[in-house]
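One structure below.
Quick note: the coordinates plus some simple rules give every number you see, no bench work behind them. On a predicted model such as this, the values are computed, not experimentally measured, just so you know. Quick reminder, even Gly has a Cβ in these numbers, built from the backbone with ideal geometry, and neighbours come from all protein chains shown.
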Amino acid sequence: MINFQKIESKWQNKWESKKAFQAKKSKKKKFYCLEMYPYPSGEGLHMGHVCNYVIGDVYTRFKRMNNFNVLYPMGYDSFGLPAENAAIKHKTHPKIYTEKAIKNFIKQQKQMGLSYDWSRTLASHKEDYYKWDQWIFLQLYKKGLAYKKKAAVNWCPECKTVLANEQVINGKCWRHTSTEVEIKELNQWFFKITDYAEQLLNGLNKLSWPEEIKTIQRNWIGQSSGTLINFRLKDTNENLPVFTTRIDTIYGVTFLVFAPEHPKVLELVKGTKYESKVKEFIKKVIIKDKFTRTSEETEKEGLFIGKYAINPLTNEEIPIYIGNFVLLEYGYGLVMAVPAHDQRDFEFAKKYNILIKIVITPKHKTLNELHQAYIEDGILINSKQFNGLDNKKAIEEITKYLNKTKLGNYSTQYKLRDWLISRQRYWGCPIPIIYCDNCGIVPVPEKNLPVKLPEKVQFGKEGNPLATNKQFVNVKCPKCKGKALRETDTMDTFIDSSWYFFRYCDNKNKKKLFDSSKVNYWMPIDTYIGGKEHATGHLLYCRFMTKFFKDLKLTKFDEPILKLFNQGMLHKDNVVMSKSKGNIVTQEEIAKKYGIDTARFFLMFIASPDKDKEWSTTGIESSYKSIFKIYNLLNEKQVKNTPELENKINKTIKEVTYEIENFNYNIALIKIMDYVSYLYKKGCTKYSLEVLAKLIAPLTPHLAEELWNKLNHKTLISLETWPKYDAKKINEKYEMQDLFIEQTKKDIYNIINLVNIKPKKIKIFISESWKYDLFKKIKKEIELTRNPGEIIKKVMDKVHGKEIAQIVNSIVKDPSKIPEVILDQKTELLILKQANFKEFNAEIDIILAENSTENKAKNSIPGKVAILVE
Ligand SMILES: [Zn+2]
Ligand SMILES: [Zn+2]
């Protein structure tokens, strides 16, 4: 029995004591590999986690051995609601809960054999980390990119906090799937990510990310080009801006529609008879998710709000409505409705009896009555000086006119909204703002950072415990020294995660966010590994932050992640493995029983890393056997080097290198195990075992170190150089020899099974010699044509006419009958004479077909013998 647990902890200790994986700036080419830093849950890690981390570790170890200067750090996304709730549930403090969880995470991650640089670790709840969140906030505030406004926000009564739009799913909280999200009007802090909308969109083009993720981001940013036009609110001088891509229909506008949750709406109806009905309507609409609201099947519903606007081109009075199909995210949350030329508006107008005005007609036909909206192109009518214009042309002309008369302009709009960052919870980074009666909003001076999160607070009461903490709330105004109050909102934890990977480059810096030269050396991240679910949250925020840092001249690059890799999920019983589903297999139990290398082997072997995988006990058992098989090769007999062995070694190096580089770890393992079987069959040399140890080093690093050590090396294999292959030593011929023997044996087995006797004698017929040339010719011709007649013409001879026709016809039907490499008769004979057929326990007779009178002999072709058993 081999004690893998003992072996594993031995090498883990060696790596740690030798600081094997600490990254230092050097002249080598750098490689920054990263996994999304985890929220440290108190529940410990299971096989699903092991799977995620090992993907990155394999790649990093591979790059390190390929002479890259590798940065591979790990940290913890330790602020946030889950930790706060879990702590309350366990009647402990979030800090105690979190730090205990982190300790456990580190312990388990070390037991996985992950090659992190532990000297660079960080956790976002630590003062020396969140101090820099606050510093970043102040820089954004200085540039006008952090601002406060009243906003209708999603509020989960269970979480007692604001939810971002992407945290509302079907009107319910993402954490509390049965709790309806409410809408509250609150004064909230925002980051003006919309200022970067265009850059965020254009930057996507140069990234090597999965297309799926790029498309999601493009749609989320949602760019459209059109016209901005100002309607006037009747009896006021107030402009109501509207964005439209169809300004050609401006003369057909018969009403305006606000998104119900638009802040202007409540202002307009305040104190009027419409107020209560409008409020009721808003409540009803807002809990529906956006997809449902705008879907064609959803019935269009709305309400007149008692106000009118003036169309700036016709001076007509137009009623203002709210409607369920208008979203705040689109344009200005207010749309001009043209029922004659928009189907949605048409349905709405019919339902509420609003005027329908035709302003575009087909070229040679007059429209009188509409049964549905006319949405095709056409000619403008009822449009004053623009009558007769082609409608596409009219878009241009009318926009020009608006521009000239200062009533409107060209405009590009984005669906992207500003980033709402206020959270009314305790366990987060305090926003460094003070409110003074005299001075208004006063940012905390940089020298006073960090604004520390007080540890003594009362949990379990309603609302945010910071708000009732007098010591925290009451402060002196930094400007006038008068009495003032602290902001009690904390930051969205997506701020912590939007820049943490910068800090890894210089995690101990006390004076600055980071040293620019260090960040410019390591960043951008070369490969970032994480889940698809972050497409619109984290992966957008961190791009925004990177662009902002560049504008602050802190860095030289404007995209943080060159390559993104989405890993697949581990399933058990066909559901994702997770504590809440009750289907976890813990790391501990597997490591104890089989060793962690077995788990690593299994998880990388069952499917390529980007695919979902299913846990299986038989799978782990057979991986365990594979690990033994590799280890026990040490005891096999040593043989002399041969060109054949050299071929196998070099070919395996070439293939495994390619497969790991391209994240096909499963195929790499298949090639490695094929190599192992080969060495068992043919015997091994010390070099062939050294190569094996190196090839498995990224995948099963403990086993690799052990083998390396047993092969009398004193160095760590993790820091050795990846083996190089010599293309000159790769010769397909050797592969073909093996394949030829395998194939022959398989054929013999099949025949024995078929005739069902224990053979005394096996006759093997090797193809007639003329067929080898014929096959070579056919191979060439079949690449040009699949027409048997044409091929026969080219390869015909005077002696074997009928046979050649038969052979060509059967090959055209199934071209796999041609071996990849066509040997010759002499070689085939030699190979089989040297092969070992002992397993059949019979007399073996190898005969050239031309020397036999057996009919069967004629069936043999190059690469495939004919067989007769007696
Ligand atoms: Zn909730
Ligand atoms: Zn003041």
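Put simply, the amide H of C429, placed in the peptide plane, has neighbours under 5 Å in M491, leaving out anything fewer than 5 places away on its chain. Evaluating 6.51 cos²θ - 1.76 cosθ + 1.60 at θ = phi - 60° for every residue in segment 503-508, the Karplus couplings come out as 5, 4, 5, 7, 6, 9 Hz, glycine and proline recorded as x.
Can you pull out the trypsin sites (Lys or Arg not before Pro) in segment 544-596 whose DSSP state is coil and whose Cβ has at most 16 other Cβ atoms within 10 Å?
K553, K556
Along segment 696-706 the Karplus relation, 6.51 cos²θ - 1.76 cosθ + 1.60 evaluated at θ = phi - 60°, assigns HN-Hα couplings of 8, 4, x, 8, 10, x, 5, 4, 5, 4, 5 Hz to successive residues, with x for each Gly and Pro. The value of relative contact order for segment 1-69, using C-alpha pairs under 8 Å at least six residues apart, is 49 percent.
Out of every Cα-Cα pair that segment 375-445 contains, those further apart than 19 angstrom amount to 65 percent. Cross-linked pairs K214/K563; K150/K192; K518/K550; K681/K746; K29/K532; K107/K563: Cα-Cα separations exceed 21 Å for K29/K532; K107/K563. Each peptide in 696-706, 682-692 was scored by the mean count of other Cβ atoms within 10 Å over its residues; highest first, the order is 696-706, 682-692.
Taking the fewest neighbouring Cβ atoms within 10 Å as the starting point, the ordered list for Y772, Y410 is Y410, Y772.
Put in order of Cβ neighbour count within 10 Å, fewest first, the listed residues R61, R293, R503 become R293, R503, R61. Once you reduce segment 807-828 and segment 528-549 to the center of their Cα atoms, the two points are 54 Å from each other. Summarising the overall dimensions of the chain from its C-alpha atoms, the Rg and Dmax are 36.3, 115 angstrom.
Counting DSSP beta bridges with both partners in the chain, what percentage is antiparallel, nearest 5? Percentage antiparallel, nearest 5: 75.
Rounded to whole numbers, the Karplus 3J(HN,Hα) couplings from phi for segment 130-144 are 6, 3, 7, 4, 5, 4, 4, 4, 5, 5, 5, 5, 4, 8, x Hz, using 6.51 cos²θ - 1.76 cosθ + 1.60 with θ = phi - 60°, and x at Gly and Pro. Among 14-20, 398-404, 143-149, 604-610, sorting by the average number of other beta carbon atoms lying within 10 angstrom of each residue, highest first, gives 604-610, 398-404, 143-149, 14-20. Could you state the number of Å between the C-alpha centres of segment 615-643 and segment 335-374? If you average the Cα positions of each part, the centres end up 75 Å apart.
Under Stokes-Einstein, with the Kirkwood radius over Cα pairs as Rh, the value for segment 1-156 at 4 °C and 1.567 mPa s is 71 µm²/s. Nearest 10 degrees, 0 to 90: what angle lies between the long axis of helix 732-755 and the longest principal axis of the chain (Cα atoms)? Roughly 80 degrees, rounded to the nearest 10.
Cβ-to-Cβ counts within 10 Å put D845, D342 in ascending order as D845, D342, the fewest first. Only the Cβ atoms of Lys and Arg (+1) and of Asp and Glu (-1) were treated as charged; on that basis the dipole of segment 209-353 about its Cα centre amounts to roughly 380 debye.
Ranked by the mean number of other Cβ atoms within 10 Å per residue, highest first, peptides 240-247, 52-59 order as 52-59, 240-247. Spatial offset of segment 644-693 relative to segment 112-127 amounts to 34 Å, using the alpha carbon center of each. Remark: relative contact order (segment 506-579) = 35 percent; criterion is Cα-Cα distance under 8 angstrom and separation of 6 or more residues.
For the chain, the relative contact order is 13 percent, taking Cα pairs closer than 8 Å that sit 6 or more residues apart in sequence and dividing their mean separation by the residue count.
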